[in-house]
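Structure record follows, encoded as structure tokens.
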Number of protein chains: 2
Amino acid sequence: MVPLASRQAALRIHDLDQQAMSRRVKNILFIMCDQLRWDYLSCAGHPRLHTPNIDALAARGVRFTAARVQSPICGASRMSFYTGRYVQSHGASWNGFPLKVGEMTMGDYLRPLGVETVLVGKTHMEPDTEGMARLGIDPQSIIGVRVSECGFDPYERDDGLHAFGPDGRYDPRVPRYNSYLNEKGYGGDNPWHDWANAAEGEGNKLASGWAMRNARRPARVAEEDSETPYMTRRAMDYIAQAGDRPWCLHLSFIKPHWPYIAPAPYNDMYGPDDVIPAVRSEEERRDPHPVFREFMHHRVSESFAREEVRREVIPVYMGLIKQIDDQMGVLFAFLRERGLFDNTLIVFTSDHGDYLGDHWLGEKDLFHEPSVKIPLIIYDPSPAADATRGTANDALVEAIDLAPTFIAAVGGDAEAQAHRLEGRSLMPLLHGATPARWREFTISEYDYSLSPTAVKLNIAPRDARLFMIADRRWKYIHAPGFRPMLFDLERDPDELHDLGADPAYAAERARLDAALARWGLRMSQRTTLSEDQILARRGKVQRRGILIGVWQEKDIPDELWQGYLGDRP
Amino acid sequence: MVPLASRQAALRIHDLDQQAMSRRVKNILFIMCDQLRWDYLSCAGHPRLHTPNIDALAARGVRFTAARVQSPICGASRMSFYTGRYVQSHGASWNGFPLKVGEMTMGDYLRPLGVETVLVGKTHMEPDTEGMARLGIDPQSIIGVRVSECGFDPYERDDGLHAFGPDGRYDPRVPRYNSYLNEKGYGGDNPWHDWANAAEGEGNKLASGWAMRNARRPARVAEEDSETPYMTRRAMDYIAQAGDRPWCLHLSFIKPHWPYIAPAPYNDMYGPDDVIPAVRSEEERRDPHPVFREFMHHRVSESFAREEVRREVIPVYMGLIKQIDDQMGVLFAFLRERGLFDNTLIVFTSDHGDYLGDHWLGEKDLFHEPSVKIPLIIYDPSPAADATRGTANDALVEAIDLAPTFIAAVGGDAEAQAHRLEGRSLMPLLHGATPARWREFTISEYDYSLSPTAVKLNIAPRDARLFMIADRRWKYIHAPGFRPMLFDLERDPDELHDLGADPAYAAERARLDAALARWGLRMSQRTTLSEDQILARRGKVQRRGILIGVWQEKDIPDELWQGYLGDRP
């Protein structure tokens, strides 16, 4: 039971004072990669991939080693980052599922604190056009644009997937990047594909990056015109013109997400010998959990189950990360030249991982660590953060913690917004404090209603859901309609032995199931009143004349009867 | 596991055809009383109170004998009626807690079906002014007014509590009813109190209805000018001017809610001898559940624990119901004269009950049947409903079922809105069908964050919550931070023996707790896409060029490569 909030409020004011004294954060640079595994950085221990610029950021900041996303899929994960809320709370549970109008996002919290909240790159946001129409919000108005862009002012929105097929374009918005390429002399209707995501094929033909056997061929685009450097320059364009205005810039790369193809020299910077072995075992394929089994049958999983595929694709995946690291070098030098390293909080993270054949899977979607765990490095320029520079922190951290962290970093009171924000500010951890009561579980969710697995298992959209709850040792997956899964991360860090049906672990499963049930009953939609507002209302109604249960006049003070017991009108 | 929705959709179309053939419903008259116990009607078995007009409606319709509200408190209960969603889903969990902008209400569903959705009387809606400001919605615009009035066009909004005290007015809106009374010659600033809710006191003084010892004195207002007849006339005014336009009129009375005071002759139509005994036992006061114990200490509970109070108040509570019944006679005659009984679905219900001293409690708030169970009578004029006229139906029905019922009644497809509406249409039950899978549990919730109990038990607002889950036999109450409560409604229909701590019932508690946990994990916020829309999207992304996990070109059909494998641009 939580102590009364009045006491908390007093502590909070003290914390805010302390923070203000040592605060240096004026801007926030929120860098997100797409599908970057937590362990594909040299600072996280990758034996062959060297990422000195990202490592340097980690050396000046804190690297969180137990950070997980709220859903291992782009759209749902990002909506949790941007709203600071669990997927079950915001409801945008898969790619292209609109975030309902009314959900508050980072921009709604940061703008009132004087911080321009701006996007360069990907969000995977799908606007709730029906909801906007119902509420009379013009999608072209400033408010309408922000509702459509999950709260960001789009300096440049580019979701980075400009696919097209017999039924038309995947993303109806033609990106500025295509015009840029055309202007630079790269011809065609869709230079995103034909130059940045295709190599030279046989004869006069293209070798599309969509066919993974082409992965190690060089993309046709010049390196400087490929997506990662382009988007980095766009971020620097924004920063250069922002002048003295405080900003929160979300620089959001599509890479190292598929199509797996890179421009020279990144296409062959790594080779098959640099590929680390897949984490998988034959035991996993013997009588697996039905949902796991079906995911292993997805085309991408069957491809990555083949060593041939891993040996072609993973070197390029590494090259794309190396390119990001080099661009981080460019960007950080730019910041340093402008003195922005002294007043900018810098976050480097990803929206989820990539199985790359581990556990016989490709893509993400399920909850093994290669999928659900993310790299998360936060650099705080404040002197208060000096004590933690270069450290790793193994607290259970969630993607929803970033929104409150940003609010706190620029001097806002994230705790006062806890009726909306389900995450917690990481600022105390960045400043070396150990909060008395940190969370004991990480939650992640997955909506597989659109997947081949749902079709195969004949599951209605409403029921096609998975919930992960993990503490420091155990990871439990609740799959409605099926038995659960369970992994012991201490004795089986590679998550090769599913204990979900083992009678010996019934008590462990019951404990985690009960914790998940408590989470399910949490207060997540009472978003229009804060804890403090509720406390301030306690006992007030009587002084506005509501006198419930009074037998006779003398039972309560005379002043409450003022006006009720006067002379008859 | 639910079968695939395509099959459901086929069944649904069939149902709709059937319905359309026999449908006669053009209008909906949705009558709600406030704080009317389910058992204070003669058709429900009250031995002394005769309600022939309401009984006549029951004789032509269906009386639901196991209907419960989603929260035994005005505001939260009503928001569930109006949204068709559980309290945990809409978040407006107590009186005056704003319903967040974006939540859809009856009006949003019915207006597109051509039905004017109008309010006369009380809703207890508190607008989300902060949310409206954030989204640029002008509270004075049509959309703004509807968002502020939980979806109704307010023909007359009057929450019926025009109290005032040292800190000002309880409800800042001065009601039209006050002007009406002034115009009729009832003087003073607040004739609502001074005439309709006060009697003559000693000398020249008022005897306020807020002091319950005054309950049986006649209110100073003439009966025809008291609240219930006034509001009934307002409903008839609306209906008279509506002409041929289809409408859904929410006629929402404040009575028999406190202040317990009635105009003559209703003030002394019943006397102490008509008061039925309180349902309570000494066992309940020995070592009760901590939350129950504290509620027993609320002032209103201590008052109603005294027989003297019950004997003064309950006769007037009965008189106020009798007055409603008489007004139902007036209203139904008016409808009959205009032929509206042939094309109007009529609902008679309440937002919750009133303990009246049962279980040593006053008011509502907790989950004993006198509080959580409601009267619910539905009259459907369609021939399809002939088979059920005059019957009682004991299906587990919830307040959230009315919104889908109304949609279905006027020919809409409520099932297609199941991603938003958590209730189910009662039309099949009204037409004598037995749906294959009806719900097995009723859920009700209570937020006691503002109550003296929360202060006494030192509970933070976030934790001050109760959940009831009840099936046909058992009622289980989950109280976070405390042991649960449990009642066996079969062996103990009066709910006098709390089995919440009895080791003999551990299995029953575990079963109900698990069912509540499943409910907590339900999909309630994926409101921007329907089940059918999700089914329609399955497998579509590949035909828009997203080719995940393809190794080589010949692995997938040529048509998917169109545009990707052409000549180089």
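The values are calculated or read from the model by the stated rules, or taken from the named source; none is laboratory data. Since the model is a prediction, treat every value here as computed from it, not as a measurement. A quick note on method: Cβ atoms are made from the backbone with ideal geometry, for glycine too, and the neighbour counts reach across all protein chains shown. Keep in mind that these areas ignore ligands, DNA and RNA; they rest on the heavy atoms of the full protein, side chains included. Shrake-Rupley method; radii C 1.70, N 1.55, O 1.52, S 1.80 Å.
What the table below lists for this structure:
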quantity	calculated
Quarter of the Cα convex hull surface for the stretch A:414-569, i.e. its orientation-mean projected area (nm²)	18.4
Average silhouette area of chain B, convex hull of alpha-carbon atoms, in square nanometres	32.8
Dmax and Rg, reported as Rg then Dmax, of the protein assembly as shown (C-alpha, Å)	32.0, 110
Pairwise Cα inverse-distance average, inverted: Kirkwood Rh of the stretch A:245-289 (Å)	15.2
DSSP beta bridge pairing in the protein assembly as shown, given as percent antiparallel to the nearest 5	45
Principal axis dimensions, the stretch B:226-354 - Cα atoms, whole angstrom, descending	60, 32, 21
Cα radius of gyration and Dmax for the stretch A:415-497 (Å)	17.1, 50
Cα convex hull of the stretch B:452-540 - mean projected area over all directions, nm²	9.4
Close Lys-Lys pairs in chain B, where close means Cα under 28 Å and separation is 8 or more or interchain	27
Mean separation of Cα contacts under 8 Å, 6 or more apart, over the residue count of chain B: relative contact order %	22
Percent carbon-and-sulfur accessible area, the protein assembly as shown, ignoring ligands, DNA and RNA, probe 1.4 Å	51
At least 10 Å² accessible surface lost relative to isolated chain, residues of the stretch A:72-118 (1.4 Å probe)	A:Q88, A:G91, A:S93, A:G96, A:F97, A:P98, A:K100, A:V101, A:G102, A:M104, A:D108
Full-stretch length increase - A:A436, A:E307 - with 0.36 nm per residue and alpha-carbon distance subtracted	41.7 nm
1.4 Å probe accessible area per residue over chain B, in Å²	34
Inter-copy separations for B:D274, label at 7 Å along Cα-Cβ, nm, ascending	9.0
Additional length obtainable on full extension of the chain from B:D287 to B:R472, 0.36 nm per residue less Cα span	63.9 nm
For B:Y170, distant residues with modelled amide H under 5 Å away	B:A163, B:F164, B:G165
Kirkwood-based shape ratio for the stretch A:119-276, expressed as Rg/Rh from alpha carbons	1.03
For B:T117, distant residues with modelled amide H under 5 Å away	B:D153, B:C248
Ellipsoid equivalent to the stretch A:64-111 - semi-axes via the Cα gyration tensor, in Å	17, 15, 8
Potential extension, B:H497-B:D274 segment - 0.36 nm per residue separation minus Cα distance	77.6 nm
Label spacing, shortest first and in nm, from B:Q562 to its equivalents in the remaining copies (7 angstrom along Cα→Cβ)	7.9
Tail beyond 18 Å, pair distance distribution of the stretch B:37-161 (Cα, percent)	60
Other copies of A:E337: label-to-label distances in nm, shortest first, labels 7 Å along the beta-carbon direction	8.7
Amide H contacts of A:W474 (H built 1.01 Å from N, under 5 Å, at least 5 apart or other chain)	A:L489
Sequence of A:R245, B:R522, B:R310 when ordered by accessible area, the most exposed leading, probe 1.4 angstrom	A:R245, B:R522, B:R310
log₁₀ of I(q)/I(0) at q = 0.17, 0.30 Å⁻¹ - the stretch B:495-542, Debye sum with one point per alpha carbon	-0.69, -1.05
Buried area at the B-A interface (accessible, heavy atoms, 1.4 Å probe, summed, Å²)	11400
Using a Förster distance of 60 Å, the FRET efficiency for A:D39-B:A222 (Cβ separation, nearest 0.05)	0.15
